[in-house]
Amino acid sequence: MRIAERVQQIEPSATLSISARAKAMKQEGIDVISFSAGEPDFDTPLPIKEEAKKAIDQGFTKYTPTSGIPELKEAICGKLFRENGLSYQKEEIIVSCGAKHSLYNAIMTLCNPQDEVLLPRPYWVTYAEQIKLAGGIPVILECHPETLVFSLEELKRKITSRTRLLLLNNPSNPSGVVLEKEFLREIVEIIQHYDMAVISDEIYEHLVYECEFPVSIATFPGMKERTVIVNGVSKTFSMTGWRIGYAAGPKEVIKAMEKLQDHSTSNPTSISQKAAIAALSSDTQLIQEMVEKFNQRRKLMIHALQEIPGVTFPVPRGAFYLFANFTPYLECKFEGMRIGTSLKLAEILLEKAHIACVPGIAFGMEGYLRFSYATSEANIEKGMSRLRDFLIKL
Ligand SMILES: Cc1ncc(COP(=O)(O)O)c(C=O)c1O
């Protein structure tokens, strides 16, 4: 059978394929230490699970309104008001099957064929592919090699008459960078001057260390009308498998996204929606322990990687990833061949050192590797010393 061009043009997810290979090796009995996970390794908190059980017992197992049940939308509005200082009505909210689905709906809704979408590098692997699926053109914003953040000059330089959107991810996967309020303010001026819109992926907002709670770009005057916020419960509440994400934006945009969802997935899982109410209505105490653990692991990983000669990275302050520059190691030879690419380096590390990480090229950055610290301190210690021992022998 013939595969349609729209699907042929997209790349498989490198993050998922490396995780899958690492899992397969583990099943074969190989002691692989995986730093490729894109999800917290903690269990979903008990009060959230209890709500889901209750929903099943009460027979809350049927279709719901496509865009989510009103109680969940209320909980989302409450969260946005309480934590982000933003006032939304239920009609400005849509609940989808994970934040990835919310992003897909938002990009499909806002991006016409040939529209240009500004995408800061390094970018989460899915954005570029979703833009292409919508027929849009991802226009990459280059970053400073040390900070991994784009400059305002670069932003202005890449704007053309076809630019429609900026895709922001704050805190960032893969870099862990958290954008400062002042920097966002300057971005806002440019967005408004050029009459553009923003999709702001804020899925990691609760996972920040040694810095303030991130500011949403939608909070600046005049920006709520131009922003679609994407968020969800996956990362904050360790609920990746429950598949609940949401978007908040102007009523007409949300309504259009709902039309799309009506004819694709319909509602997200009824039971998960009930669980998400418990998550979003809880106080942050529920996740405090997890955030503290992530912070300890982050420090451990920073320290271990700083010990490896030639490896550089901006200290991550958000999410649970560290994105480091391994360029000097690409020049090394392994079994007589120059390593050359981050993909090859990640493959060698997996096959020979039994460490799984994600090649930077999956995030548009050659020479880098992404390490997730959503794993135990013991694994970090063991894995990082394996990495060091392997690299210094190259
Ligand atoms: C930046 C970013 N946005 C969105 C998502 C998707 O989240 P969800 O599991 O809710 O679809 C991820 C997951 O890895 C992510 O890293």
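The values are calculated or read from the model by the stated rules, or taken from the named source; none is laboratory data. These figures come from a predicted structure and were not determined experimentally. Cβ atoms come from the backbone with ideal geometry, glycine included; neighbour counts cover every protein chain shown.
Descriptive notes on the structure:
- Number of the condition not met by C77 [criteria: (1) within 16 Å of the ligand (Cβ to nearest atom); (2) closer than 30 Å to I277 by Cβ]: (1)
- Within segment 30-62, considering residues that are among the β-branched types (V, I, T) and in a helix (DSSP H, G or I), the one surrounded by the fewest Cβ atoms within 10 Å (Cβ to Cβ): I56
- Filtering segment 160-186 to residues that are away from the ligand (no atom under 16 Å from the Cβ) and closer than 15 Å to H144 by Cα leaves only F183.
- Pairing residues of segment 1-21 that are under 29 Å from F371 (Cα atoms) and of a type in the set (D, E) with residues that are at pLDDT 80 or above and within 14 Å of the ligand (Cβ to nearest atom), at Cβ distances under 7 Å and at least 6 apart in sequence or on separate chains, gives E11/E129.
- Against the test of being of a type in the set (F, W, Y), closer than 26 Å to T219 by Cβ and surrounded by 24 or more Cβ atoms within 10 Å (Cβ to Cβ), the options Y123, Y127 yield a single qualifying residue, Y123.
- Test: residue in segment 306-315 that is within 23 Å of the chain's Cα centre (by Cα) and modelled with pLDDT under 95: no
- The residues on offer are T240, T227, and the sole one that is within 16 Å of the ligand (Cβ to nearest atom) and surrounded by fewer than 24 Cβ atoms within 10 Å (Cβ to Cβ) is T240.
- Segment 80-98, subset within 16 Å of the ligand (Cβ to nearest atom) and outside any loop (DSSP other than H, G, I, E, B), residue surrounded by the fewest Cβ atoms within 10 Å (Cβ to Cβ): I93
- Residue within segment 172-195 that is touching a His at 6+ places or on another chain (Cβ under 9 Å) and of a type outside the set (A, V, I, L, M) present: no
- Helices (runs of 4 or more DSSP H) fully within segment 275-394 counting 1 or more residues that are of a type in the set (S, T, Y) and touching a residue at least 24 places away in the same chain (Cβ under 8 Å): 327-330, 342-353, 377-392
- Residues in segment 360-379 that are surrounded by 22 or more Cβ atoms within 10 Å (Cβ to Cβ) and not hydroxyl-bearing (S, T, Y): G360, A362, F363, M365, L369, R370, F371, A374.
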